[in-house]
1. Hey, got a sec? Which trypsin sites (Lys or Arg not before Pro) in the stretch 1-100 land in a DSSP loop and have at most 12 other Cβ atoms within 10 Å?
2. What is the stretch 10-168 by shape, rounded, prolate or oblate, if you read a ≥ b ≥ c off the alpha carbon gyration tensor as root eigenvalues and call it rounded for a/c under 1.5, prolate for a/b larger than b/c, and oblate otherwise?
3. Return P(r) of the stretch 222-323 (all Cα-Cα pairs; 10 Å bins starting at 0; whole %; ordered from short to long distances).
4. Once the Cβ-Cβ distance between GLU191 and ILE16 is put in as r, and R0 is 25 Å, what FRET efficiency do you end up with, to the nearest 0.05?
5. Using a Gaussian network for the chain with springs between C-alpha atoms less than 10 Å apart, which of these wobbles most: SER90, SER198, SER65?
6. Which length gain, in nm to one decimal place, applies between LYS174 and ASP218 when the Cα-Cα distance is subtracted from 0.36 nm times their residue separation?
7. Among ILE308, ILE134, ILE203, whose mean-square fluctuation peaks in a Gaussian network model of the chain (Cα, cutoff 10 Å)?
8. Rg and Dmax in Å for the stretch 143-246, alpha carbons only: what are they?
Amino acid sequence: MKYYKNGGILLRKDSIKNLNKIDAIIFDCDGVLVDVSKSYDLAIRNTTKYVLDRMMGIKSIPVSSKIISGFKATGGFNDEVDVTYASIISIVAATRKSAEPKKFINKVIQNANSTGIRSVEKYLDSISADISEIRTKLDYPGPHSTNPLYQIFDQMFYGEKLYKKIFNKKSLFKKGLIENDLVLVKKNLLEILEKRFSKKIAIVTGRGKESTKYSLDDLFEKFDISSSFFLEDHPRKMAKPNPKSLITSQNRLKSKLCIYVGDSMEDLMMAKKSSKLGNKTIFCGIYGTAENQKSKMILFEKNNADIILRSIDQIPKALNLAN
């Protein structure tokens, strides 16, 4: 057995010797600091339904948590709008080919990989699925401020006030689904971590800075923001699993060995790439926010995550086990 297991905490045995050397901690946001199952996940479902109905006159199927996690497990779908786009074109393709949508999407997921939406488009092209109309209408990806799909998704997620603040444009939707975010990180946990890491506590997330700040509220300032990265505010090429943002954050923190806490394959891949490039990183996978917790835990085990936890509240205990 390659893992030491204790009360929902899994520590890879060959990583334990390094835990005392960790000098900084960097967090992902969604699924780690914040539970987004009622916000971002719902935005994926609602945007898919809205686009299919308004643009194509096609009845959608519910984009289940299983579909969302299926796309994300490939390592190429850190951006929720990528999951939305993949779901939309897959349902259009299923309709065009008179296939049962759920089974069809599962087949698409089986043929997807870390290249994300490109792998989905390539597969649909390989089976001669006619998706040219929806691809033209969505023209995805593109800038958040002008791309049709991003505009619908962002307006639905941010709502009237926050969308106006970020993009200086009017939203079609008054209340944003971001209001459903459930903040998981607690002040007392950050205070405990401060005793261990001082001010070397940062965030590297696919979110933008404004939405991260909005959800975390007063806790936002507990992190070293100057050493943090909010990838939605940067060019798409910077997206996870590109390790540049994590490496930059580590360098700003002057970290020789950091722990990166994430909940996805993209997070794990990014941490591994960072280590391979000489920026030593311990990866801690969080599985408690997944609908199928056992499946997520097994995914992390199979891919050799250093630490696997149900919740970020277990981080202090996991690190103490190294003493």
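1. Within the stretch 1-100, the qualifying trypsin sites (Lys or Arg not before Pro) (loop, at most 12 other Cβ atoms within 10 Å) are LYS2, LYS13, LYS59.
2. oblate
3. Pair shares across the bins are 15, 44, 36, 5, 0.
4. It comes to 0.50.
5. SER198
6. That works out to 13.4 nm of additional length.
7. Answer for the Gaussian network model of the chain: ILE134.
8. According to the Cα coordinates of the stretch 143-246, Rg and Dmax are 15.2, 46 Å.
The values are calculated or read from the model by the stated rules, or taken from the named source; none is laboratory data. Just so you know, these numbers come straight off a predicted model, no measurement behind them. Positions of Cβ are generated from backbone atoms using ideal geometry, with glycine treated the same way; all protein chains shown enter the neighbour counts. Note: areas computed on protein heavy atoms with side chains; ligands, DNA, RNA excluded. Shrake-Rupley method; radii C 1.70, N 1.55, O 1.52, S 1.80 Å.
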